[in-house]
Structure formats: C-alpha cells, structure tokens
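The structure appears right after this line, and notes come after that.
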Amino acid sequence: MKTMDTEQSLKVKGVADVSHASAFRKYRDLYYGDMPIGRAIVCELIMFFFSGMGGALGLFFRRKLYPLMFRRIGRKVVFGRNVVIRHPHRINLGDYTIIDDNCVIDAKGTNNFGIEIGERVYIGRNTILYTKNGNLRIGKDVSISSNCQFVSSNDMTIGPYTVIGAYSYLLSGGGYDYGPNAKRFSEQNGFITRGPLVIGENCWIGAGAIILDAASVGEHCVIAAGAVVNKPVPAHSIAGGIPARVIKSLEEDLPAHKVSS
Ligand SMILES: CC(C)(COP(=O)(O)OP(=O)(O)OC[C@H]1O[C@@H](n2cnc3c(N)ncnc32)[C@H](O)[C@@H]1OP(=O)(O)O)[C@@H](O)C(=O)NCCC(=O)NCCS
C-alpha cells in the first residue's frame, strides 16, 4: 500500500504545494496564509499565552485580546479553552457569540471570503468549522451542539434560529473524482462540488445527521437523528432515514411555527 507523503497530505488538506518550503513557511501557510507577518506574530503570541489558560482569568484575557486577531468581531464574544483559530483575518464573529472549549475555526483559503458567524451563535465543544477555499455563513441565534463538523470548499449557509444536534456533519464541496481516468484519491484536493449547501431558517437538525454537498434543506424543517440527506428537502417538512426521505409535512402547522426574520 502506498503511504501518503508530506506533499500529498498537504494537498489533501487544501494547502498550496509547499512541500519544499521550510517548516516555518508550512506552519505559516497552515495557520495564517496571506496574513501579514507582523499580525501573524501578534496572533501567535496571544494564542501561546492565553488559549490554554483556565478559569475566569482565561475567559477574561481571551475576551479582551482575541478581538485583535479577527477581521471583524462583535461585543462580548466568549472563547473557551484551547480553541484553535486559523486564518482569523478571514473570520467575522457577531455579538455575544460563544465558542466552547476545543473548537477549531479554520477559514483556510486564498481567494475566499471565509467564515461569518452571526450574533448570539453558540458553538459547542469540539466542533470544527473549516473552509478549504470556500465560504461558511452562520445566521444569528444558531445553536450548534458539540462534536459537529462543517466543511466548505464551496458555499455553505445556515439560516438563523436553526439548532444542530451533536455529531452532525455538513458538507459543501469535498468531492473526489471517481471516474476511470481520475487521479488517485489522495492525489486530488477534494474540491469537487455539485453546488452550494443552504440550510434554511429555523430548522432542527437531529443528532448525527449528515448533510451532503448541494443537498439543501428548506426553512422550518426537521431532519431526524442519523439521517443522511443527499438531495434537497422541501421547506416545512420532517425528513429522515438513509437516504433521507420526507416523513411528514409541516405545512399545516405553518402559522404556529412561522418565525419572522
Ligand atoms: C424526527 C423526530 C423529530 C420524530 O418526529 P415525530 O413527528 O415524533 O415522528 P414519529 O416518531 O411519529 O415518527 C414518524 C415516522 O418517522 C420515523 N422516524 C422517526 N425518527 C426517525 C429517524 N431518526 N430516522 C428514521 N426514521 C425515523 C418513524 O419510525 C416513523 O415511521 P413510521 O410512520 O413508518 O412508523 C425524531 O425521531 C428525531 O429524530 N428527533 C431528533 C432528536 C435529536 O437528535 N435531538 C438532538 C438534540 S438537538
């Protein structure tokens, strides 16, 4: 079996080919990309001293100092311990957002907008939000439970007021060519996509749901626990199973559930 060398593994992670670069250059590309060196050093120092600091003191220092790293950040954003932030100059965070312990927020890319997180968003511990030259926009008042992973090499939008259960996996892009003349999978960069992923306003995504590239979900939907959604789900429905099928329509409940934007 062919083992993956450094060059291949860097390509798989969506990093420019820097296989002959120094360890410093590789690290800089992975964490900061095209961020000016002076600003990257400031980020390094802040993360080094405060990312692992426990207790209220850690929360205090992170709230005061982390805003220096981001493109735009609102008021009173809370960062838990050991949150990994990569490419913060491509990340916007809204007021009162909470990012719990051990999350990874990585807006990797060269010509992407990056990550935008709205007001009062909660991101549960161990959750990974990751772009590979794509975009990820999370609307206001979204709640994401622990251990979720969202990966975008295209465009992913999560509508406001949506709740996402633990261990959910959302994907925009991330496809590989499996045709007869395709390169070996580990030699591809996984950027193939069928289209953007949009999760509508006011949805409830059950625990462990997987929502695949371009399989959008309309507003006010429930996705059952453990579903694999591989094609669009119409608004106001409950869908579940593998692959997900509409189980019920919520049209008749519409006035009671309707949320104004
Ligand atoms: C979908 C859900 C909301 C149930 O909705 P409900 O309106 O009470 O539906 P019912 O339990 O009456 O089930 C309706 C049908 O859907 C099926 N169904 C329910 N949950 C399902 C699931 N997770 N996967 C596949 N099918 C499911 C039922 O078997 C039933 O099928 P049947 O009519 O052939 O018997 C619930 O099962 C669910 O998955 N909740 C998510 C809980 C969760 O993940 N919480 C995390 C905290 S954010």
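Just so it is clear, none of the values below were taken in a lab; they were calculated from the coordinates. Because the structure is a prediction, the values reported are computed rather than measured. Positions of Cβ are backbone-derived with ideal geometry, glycine not excepted, and every protein chain shown enters the neighbour counts.
Each of Phe24, Phe60, Phe70, Phe113 has some number of other Cβ atoms within 10 Å of its Cβ, and from fewest to most they run Phe24, Phe60, Phe113, Phe70. In this calculation the C-beta distance from Tyr178 to Lys231 is compared with R0 = 25 Å, giving a FRET efficiency of 0.85. Using only the Cα atoms of segment 120-175, build the gyration tensor, take square roots of its eigenvalues as a ≥ b ≥ c, and label the shape rounded, prolate or oblate: rounded if a/c is under 1.5, else prolate if a/b is larger than b/c, else oblate. Because a/c hits 1.5 or more and a/b fails to exceed b/c, segment 120-175 counts as oblate.
Of all DSSP bridge pairs formed entirely within the chain, close to 10 percent run antiparallel. Remark: Thr110, Thr127 ranked as Thr110, Thr127, counting other beta-carbon atoms within 10 Å and listing the fewest first. Could you compute the net charge surrounding Gly80? Neighbours are other residues with a C-beta less than 10 Å from the C-beta of Gly80; K and R count +1, D and E count -1. Around Gly80, the charge tally is +1. Each Lys and Arg contributes +1 and each Asp and Glu -1, all at the Cβ; summed about the Cα centre of the chain, the dipole is approximately 680 debye. Since only Ser216, Ile99, Ala239 are under comparison, the one whose Cα sits farthest along the positive direction of the charge dipole of segment 55-260, derived from C-beta charges on Lys, Arg, Asp and Glu, is Ile99.
Taken over the chain, lysine pairs spaced eight or more positions apart, or on distinct chains, with alpha carbons under 20 Å apart number 20.
Subtracting the Cα-Cα distance of Arg120 and Ala21 from their residue separation scaled by 0.36 nm leaves 31.6 nm. Among Asp100, Asp95, the ranking by other beta carbons within 10 Å of each residue's beta carbon, starting with the fewest, stands as Asp95, Asp100. Build a GNM of the chain with springs between Cα atoms under 10 Å apart, and of Gly165, Gly33, Gly179 the one that fluctuates most is Gly179.
Name the residue from Gly174, Leu129, Gln188 whose Cα lies farthest towards the positive end of the charge dipole of segment 124-213, charges +1 on Cβ of Lys and Arg and -1 on Cβ of Asp and Glu. My answer, from the dipole projection, is Gln188.
One decimal place: the segment Lys76-Ile242 gains 55.7 nm when fully extended, by the rule 0.36 nm per residue minus the C-alpha distance.
Per-residue ellipticity at 222 nm computed for the chain from its helices equals -5000 deg cm²/dmol, with DSSP H segments shorter than 4 residues left out and the rest contributing -39,500 (n - 2.57).
Comparing Leu65, Leu170, Leu30 in a Gaussian network model of the chain where C-alpha atoms under 10 Å apart are linked, the largest mean-square fluctuation is found at Leu65.
Could you tell me the calculated FRET efficiency between Lys64 and Glu187, based on Cβ-Cβ distance and R0 = 51 angstrom, to the nearest 0.05? Efficiency, rounded to the nearest 0.05: 0.70. Which of rounded, prolate or oblate describes the chain when judged by the alpha-carbon gyration tensor and an a/c cut-off of 1.5? Oblate shape, in that a/c is at least 1.5 and b/c is the bigger or equal ratio. Cα gyration tensor of segment 34-141, axes a ≥ b ≥ c as square roots of the eigenvalues: rounded (a/c below 1.5), prolate (a/b > b/c) or oblate? Oblate shape, in that a/c is at least 1.5 and b/c is the bigger or equal ratio.
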